[in-house]
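The values are calculated or read from the model by the stated rules, or taken from the named source; none is laboratory data. Please read these numbers as outputs of a predicted model, since none were measured by experiment. So basically every Cβ, Gly included, is an ideal-geometry build from the backbone, and we count neighbours across all protein chains shown.
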Amino acid sequence: MYAIVDIAGQQFKVEKDQKVYVHRLDAEEGKKVNFDHVLLIDDNGKVNIGAPAINGAQVSATVLEHLKGDKVIVFKKKRRKGYQKKNGHRQCLTEIQINVIKASGAKAAPTKKEEAAPKAEAPKAEAKPAATESSDLSSMTVAELKDMAKAKDISGYSSMKKAELVEALS
């Protein structure tokens, strides 16, 4: 089970008992912190996606240590001008350990197969009533007319224009 969580403005993929370095948090060492902005939870293949966050989902962690990251050298130079600047930076970090990923209140996201099935059935349901109304063929679309021509086994319907299809079907 893993989750994607927004912690201090950055997104992290976290699992239980994982240690993560994040931007400095305002919590003392040894204290527990909760993160409510959970964007995604995967529970052994069952994926819950938030829009933008999952309601009721929460990730709990313990603050292990406050520390500074490695030094980054920022060197700026403009050649032939005598301009040089050298700065260093050490990012303040917090090491946390993920304790619990709680997904209560999470609604499962529909899979692609479930989304595609209703869409595929809807055009078929619309085409059947259109096929029974042969009196008003001119108000139908070319795609509907081609479907009717295919159902009636009319040859060459794919290259016909709308007027030719109406004439062939009537």
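List of remarks:
- Flag if residue 139 is within 30 Å of residue 22 (Cβ to Cβ), exposed (fewer than 11 other Cβ atoms within 10 Å of the Cβ) and at pLDDT 50 or above: no
- Test for residue 108: is it modelled with pLDDT under 55, surrounded by 10 or more Cβ atoms within 10 Å (Cβ to Cβ) and within 30 Å of residue 39 (Cβ to Cβ): yes
- Members of segment 146-168 found to be surrounded by fewer than 17 Cβ atoms within 10 Å (Cβ to Cβ) and touching a Lys or Arg at 6+ places or on another chain (Cβ under 8 Å), listed by number: 158
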